[in-house]
1. Got at least one residue in segment 81-89 being in contact with a strand residue (DSSP E or B) (Cβ under 7 Å, 6 or more places away or on another chain) and within 30 Å of Ser173 (Cα to Cα)?
2. Within segment 371-378, can one find any residue that is among the aliphatic types (A, V, I, L, M) and at pLDDT below 95?
3. Would a scan of segment 282-294 turn up a residue that is modelled with pLDDT of 95 or more and outside any helix (DSSP H, G or I)?
4. Looking only at helices (runs of 4 or more DSSP H) that fall completely inside segment 54-113, which ones have 1 or more residues that are surrounded by 23 or more Cβ atoms within 10 Å (Cβ to Cβ)?
5. Every residue in segment 232-249 that is charged (D, E, K, R), over 17 Å from the mean Cα position of the chain (by Cα) and part of a helix (DSSP H, G or I), please.
6. Among the numbered criteria (1) more than 22 Å from Ala84 (Cα to Cα); (2) modelled with pLDDT of 95 or more; (3) more than 17 Å from the chain's Cα centre (by Cα), which one does Glu45 miss?
7. What tally of residues in segment 7-53 results from selecting those that are of a type in the set (Gly, Ala, Ser), more than 20 Å from Glu284 (Cβ to Cβ) and either outside the structural domain of Glu284 (by TED's automatic domain parsing) or in a loop (DSSP other than H, G, I, E, B) (or both)?
Amino acid sequence: MYKIRTYNSLAAKGLDRFSPGKYQVGPEVSDADALMLRSQKLHDESIDKSVIAAARAGAGVNNIPVDDYAGRGIVVFNTPGANANAVKELVAAALLLGSRDIFGGMSYVQTLGDVEDSAQMHKLLEANKKRFAGSEIAGLTLGVVGLGAIGAMVANMALEMGMKVAGFDPAISIESAWRLSSRVQKVNSLQALVSVSDFVTLHVPAIPATHGLINQDILARFKPGARLLNFARDEIVDLPAVIASLDSGRLSAYISDFPRPELLGRKNVLLLPHIGASTSEAEENCAMMAADQLMDFLENGNIRNSVNYPDTQMARNGGYRITFCNENVPKVLGHVLTVLADHNLNVIDMVNLSRGDFAYSIIDVENEPGAGVMRAIDSEEHVIRARLLPPS
């Protein structure tokens, strides 16, 4: 029986995908094979030595020690795209809130509680509504930084709302490129994008390369009066630089899903309580996707949507399946194949892929490898962890 330790409140639709006869799932599970979580911070968490996988029901994995887990042979999964529609819809709301003083108008109406006469209220509303006038977003340019699952959906949505769209992503995948409308203008640099955009929206992961991406130098290139939307991660913006840009008028508004004390009370800032993916549909999609990825890995050794090991899948072709994680150095695969040959094990099929400092292999063999075979593979230099899976 496979054991899954859960953290946080995970959608029942995801947890229900684990068969009770094959999986034990819950927050008190010990000697777990895998972890499944949302926002639980695992950097200082002591986990069982038996853990071989961790699945985050969401896209960001800054709450997981990804590199440390890779070195221990723990595959970390996320669920890119599962919450994309929820974030896209909130960005649509942010565009409208940023172009028209909807929030100010709604707040003003609530100050009229002492007005009992409808005619008097109508008179006050007519006299004051110009205070909350704004502009339409149709015809304005939205600059999208990051054209992954969310960024592509935001770009396409903005086009349907009548906006012009410019996009920048030096690492755009083929899959994302197919999703993206041909009407999106691709620019070659962040500086070029922000200089032509009335709105700039961020959709990149929080990794070392993106920390402080929106800094003083970039903000100086923004189109005067532009508005910045951050529904990606707090770390992507240099907050003091953003505040200085708001004070100077270079930025006319900052709309973020990541409140900070320094931003409270500012009329040119709209803050939301990190609700980008907080819809029941998104939570269910993330939990189901995370569960499916864990099951495929535990039962078949396949890796899909990992952030620290290469995506590696191979159909079951009969026979026994050996998988192993290793440091990405020469001759490791050759040494493992020599072990199999020395034990007269015929290879049916195999796949070997690498990602950065680590690699992963799936090998199907005709006959059951004995315990000595697996010990020999495990003891090979640079092999981190090896597994034997029975025929499906």
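1. Checked against the condition, which is being in contact with a strand residue (DSSP E or B) (Cβ under 7 Å, 6 or more places away or on another chain) and within 30 Å of Ser173 (Cα to Cα), segment 81-89 yields no hits at all.
2. yes
3. No, every residue in segment 282-294 fails to be modelled with pLDDT of 95 or more and outside any helix (DSSP H, G or I).
4. Per the criteria, 66-71, 84-99.
5. Of everything in segment 232-249, just one residue is charged (D, E, K, R), over 17 Å from the mean Cα position of the chain (by Cα) and part of a helix (DSSP H, G or I), namely Asp247.
6. So the condition that Glu45 fails would be (2).
7. 5
Quick grid of which residues meet (1) out of contact with any Phe, Trp or Tyr (no Cβ under 7 Å at 6 or more places or on another chain); (2) not assigned by TED's automatic domain parsing to the domain that holds Arg38:
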residue: Asn285; (1), (2): yes, no
residue: Ala291; (1), (2): no, no
residue: Phe297; (1), (2): yes, no
residue: Asn305; (1), (2): no, no
residue: Gly318; (1), (2): yes, yes
residue: Val329; (1), (2): yes, yes
residue: Leu340; (1), (2): yes, yes
residue: Asn344; (1), (2): yes, yes
residue: Asp349; (1), (2): yes, yes
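The values are calculated or read from the model by the stated rules, or taken from the named source; none is laboratory data. Note that the coordinates shown come from a computational prediction; the quantities given were computed from them, not determined experimentally. In this analysis, Cβ positions are derived from the backbone assuming ideal geometry, glycine residues included, and neighbour counts consider all displayed protein chains.
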